[in-house]
Amino acid sequence: MDKIIIATSENIKSEILIQEDLKNTFQEHLEDKKYFLITNTKLAKLYPEFIYKFSTNRVIIIKDGEKYKNIKTFEYILNQLLKEKIERKDAIIAFGGGVVGDLAGYIASSILRGVELIQFPTTLLAMCDSSIGGKTGFNTKYGKNLIGSFYCASKILIDPLLLNTLNKYELKCGMGEVLKYAFIEKSCNKTCEYNLLNFLQENQKEDVKRQMDFIIKACATLKAKVVTNDRLEGGLRKILNFGHTYAHSFETLSNYKKLSHGEAVAHGIKHASKLAVIKDIISNDYYKQIIALLEKYELIDKKIKFKKEDVVNLMLQDKKVENSKINLLLPTAPAEVGLFDNIDLPSIEASLL
Ligand SMILES: NC(=O)c1ccc[n+]([C@@H]2O[C@H](COP(=O)([O-])OP(=O)(O)OC[C@H]3O[C@@H](n4cnc5c(N)ncnc54)[C@H](O)[C@@H]3O)[C@@H](O)[C@H]2O)c1
Ligand SMILES: [Zn+2]
């Protein structure tokens, strides 16, 4: 069992446990209290033996999909919990990917002014990223994740075996974020103890599947480190957005259909790296290494063709824009990135070629 602790200066503590088969043994790690389970229809079908461990009236099953990460589902869950008389000493378990995790997390932060939250992530993206660090929320017609809170789970239970049922598309989505961690590792943690970049470069792609435990542990440790230092994204935590300003434009322009989030991030990393070459920040050699790794994991196979002006306009609308100047994270050296403000628009357009 691997254990990673997040302990912030405000006395917020989160414990990440990583162990195969936790879905059958998790109760050993829980206290004797009432637990309400929130999951979705797909997972309820895939893992009935897990669901049966909870009393039926404390299991809330929502519809599957990003489009249900909305206020209606939020209200539905609230009503179910209140009907079953949830109390402040009870806890909520979120069993699912980022959608279930974000929604259940927001519920836990707001119902009765906050009840304990346990994240039980089931996708690679959720295991490596979304279940850790306390960002919760849901979407509105005005945009993604516009309602939300920072609310850390007391425990994050990670069972890598749950990935056996995940399809290739969703695995790729998670791998986009995994590669992001490889490109920022040294900026998260100077010691670069996992050397994820090297690991992903050296390993056969097929082996990577068998080494998910290592990959998840590396990413979870890096996220924990960043969140411990900067829970509310005042500084360091911004590095987790590497590739994301471009990615958000690509996702919007493709209507969230053509590319998975991970693929959009990978394309974003590609263009941010190109910009770093244009600006003479990294060598052509490192740029080639970045592209080779993105290609190895088939993350930039799909060709994207958007009008440069549309991409740039959307980038200007991004949350990371301050005073109409684009702040962008660019690679500076292997496994390191830096935040550059005031990037000129012609260079950004040139990076999109
Ligand atoms: N809170 C954060 O810090 C943070 C960070 C990144 C992303 N997010 C959010 O996460 C969401 C995306 O998360 P996601 O990629 O996990 O998507 P998701 O939750 O929609 O899951 C993807 C699909 O995989 C299915 N699935 C989940 N686990 C499975 C399993 N073990 N086997 C088979 N199928 C399984 C789901 O039912 C769904 O159909 C977005 O809403 C995004 O905004 C949040
Ligand atoms: Zn992301």
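Values computed for the structure shown
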item	result
Helix-only CD estimate at 222 nm, as mean residue ellipticity for the chain, using -39500 (n - 2.57) per DSSP H run (n ≥ 4)	-13000 deg cm²/dmol
Cysteines not pairable in the chain (beta carbon separation under 4.7 Å absent)	CYS152, CYS173, CYS188, CYS192
Around ALA333: net Lys/Arg minus Asp/Glu count, Cβ-Cβ under 12 Å	-2
Calculated FRET value between ASN79 and ASP2, using beta carbons and R₀ = 51 Å, to 0.05	0.85
Share of carbon and sulfur in the accessible heavy-atom surface of region 1-158 [1.4 Å probe, %]	50
Two-site FRET efficiency, LEU17 against GLN317, from Cβ-Cβ distance with R₀ of 41 Å, rounded to 0.05	0.55
Per residue value of the accessible surface for region 57-189 (all protein chains in place, 1.4 Å probe), Å²	39
ILE147/GLN201 FRET efficiency (R0 35 Å; Cβ-Cβ; nearest 0.05)	0.30
Loop GluC sites (Glu not before Pro), region 1-96 (other Cβ atoms within 10 Å of the site Cβ: 12 or fewer; DSSP)	GLU10, GLU31, GLU87
Prolate/oblate/rounded label for region 254-353 (Cα gyration tensor, a/c 1.5)	oblate
Rounded to 5, percent antiparallel among DSSP beta bridges of the chain	50
Interchain or long-range residues, amide H under 5 Å from GLY338's placed H	LEU330, THR332
Two-site label geometry, GLU49 and LYS308: point separation in nm, points 7 Å out along Cα→Cβ	5.7
Rounded to the nearest 20 debye, dipole of the chain from Cβ charges on Lys, Arg, Asp, Glu	880
Residues in region 76-116 that a label on LEU30 would reach, taking backbone N under 11 Å of a point 7 Å out along Cα→Cβ	91-95
Helix 212-229 vs. the chain, principal-axis angle (Cα, 0 to 90°, nearest 10)	90
Degrees, to the nearest 10: 71-83 long Cα axis against longest axis of the chain	20
Rounded D (µm²/s) - the chain, Kirkwood Rh over Cα pairs, Stokes-Einstein at 25 °C, 0.890 mPa s	118
Folded to 0 to 90 degrees: helix 284-296 orientation relative to the chain principal axis, Cα	40
Charge tally in the Cβ shell below 14 Å around LEU22, where Lys, Arg are +1 and Asp, Glu are -1, LEU22 excluded	-3
Distance in nm between pseudo-label sites at LYS190 and ASN164 (7 Å out along the Cβ direction from Cα)	4.3
Shape category assigned to region 2-165 from the gyration tensor of Cα positions, a/c cut at 1.5	rounded
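The values are calculated or read from the model by the stated rules, or taken from the named source; none is laboratory data. Because the structure is predicted, anything quoted here is derived from the model rather than measured. FYI the Cβ positions are ideal-geometry reconstructions off the backbone, even for glycines, and counts take in every protein chain you see. What goes into the accessible areas is simple: the full protein's heavy atoms, side chains included, and nothing from ligands, DNA or RNA. Shrake-Rupley method; radii C 1.70, N 1.55, O 1.52, S 1.80 Å.
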